[in-house]
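Asker: Can you read through this structure? Questions will come right after.
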Amino acid sequence: MDFPVLMDVDNKVSAQWNVIAFPSTFVVGSDGNIHYGVNAAIEWDDPKIIRILESL
């Protein structure tokens, strides 16, 4: 992967963000806000997901 992957080993952030499923993925912008989130596994090479990420 060519982006940071952060691990929440003590589940503190998961509780704050109301994560309801694993895996959960959040794209956080340089402004610190969540710009995209998925509470499920996704196919990163799916054309729909690629369009969403490119639009960010």
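The values are calculated or read from the model by the stated rules, or taken from the named source; none is laboratory data. Keep in mind it's a predicted model, so treat the numbers as computed, not measured. We place every Cβ from the backbone using ideal geometry, glycine too, and count neighbours over all the protein chains shown.
Asker: Tell me which residues, restricted to region 45-56, are in a helix (DSSP H, G or I) and either under 17 Å from ASP2 (Cα atoms) or touching a helix residue (DSSP H, G or I) at 6+ places or on another chain (Cβ under 8 Å) (or both). Give the steps one after another, and end with the answer.
Answerer: Initially, region 45-56 is screened for residues in a helix (DSSP H, G or I), giving 47-55.
Hits for region 45-56 are ILE49, ILE50, LEU53, GLU54.
Asker: Could you check region 1-39 and list, in sequence order, the residues that are of a type in the set (Gly, Ala, Ser) and at pLDDT below 85? Walk me through how you get there before you give the answer.
Answerer: Let us first name the residues in region 1-39 that are of a type in the set (Gly, Ala, Ser), namely 14-15, 21, 24, 29-30, 32, 37.
Result: ALA21, SER24.
Asker: May I pose another question? Can you tell me which residues in region 1-39 are assigned to a loop (DSSP other than H, G, I, E, B) and of a type in the set (D, E, K, R)?
Answerer: Within region 1-39, the first condition is being assigned to a loop (DSSP other than H, G, I, E, B), and the residues that meet it are 1-11, 17-24, 29-33, 39.
Answer for region 1-39, where residues must be assigned to a loop (DSSP other than H, G, I, E, B) and of a type in the set (D, E, K, R): ASP2, ASP8, ASP10, ASP31.
Asker: Okay, next question. Identify, by number, the condition in (1) out of contact with any strand residue (DSSP E or B) (no Cβ under 8 Å at 6 or more places or on another chain); (2) surrounded by 10 or more Cβ atoms within 10 Å (Cβ to Cβ); (3) in a loop (DSSP other than H, G, I, E, B) that ILE42 doesn't meet.
Answerer: With respect to (1) out of contact with any strand residue (DSSP E or B) (no Cβ under 8 Å at 6 or more places or on another chain); (2) surrounded by 10 or more Cβ atoms within 10 Å (Cβ to Cβ); (3) in a loop (DSSP other than H, G, I, E, B), ILE42 is out only on (1).
Asker: Sticking with this structure for a sec: If you go through region 6-24 one residue at a time, how many are surrounded by fewer than 10 Cβ atoms within 10 Å (Cβ to Cβ) and either touching a residue at least 60 places away in the same chain (Cβ under 8 Å) or among the aromatic types (Phe, Trp, Tyr) (or both)? Break it down stepwise before answering.
Answerer: Initially, region 6-24 is screened for residues surrounded by fewer than 10 Cβ atoms within 10 Å (Cβ to Cβ), giving 6-7, 9-12, 16, 18, 20-22.
If we keep only those that are either touching a residue at least 60 places away in the same chain (Cβ under 8 Å) or among the aromatic types (Phe, Trp, Tyr) (or both) too, we end up with 22.
Residues meeting the conditions: 1.
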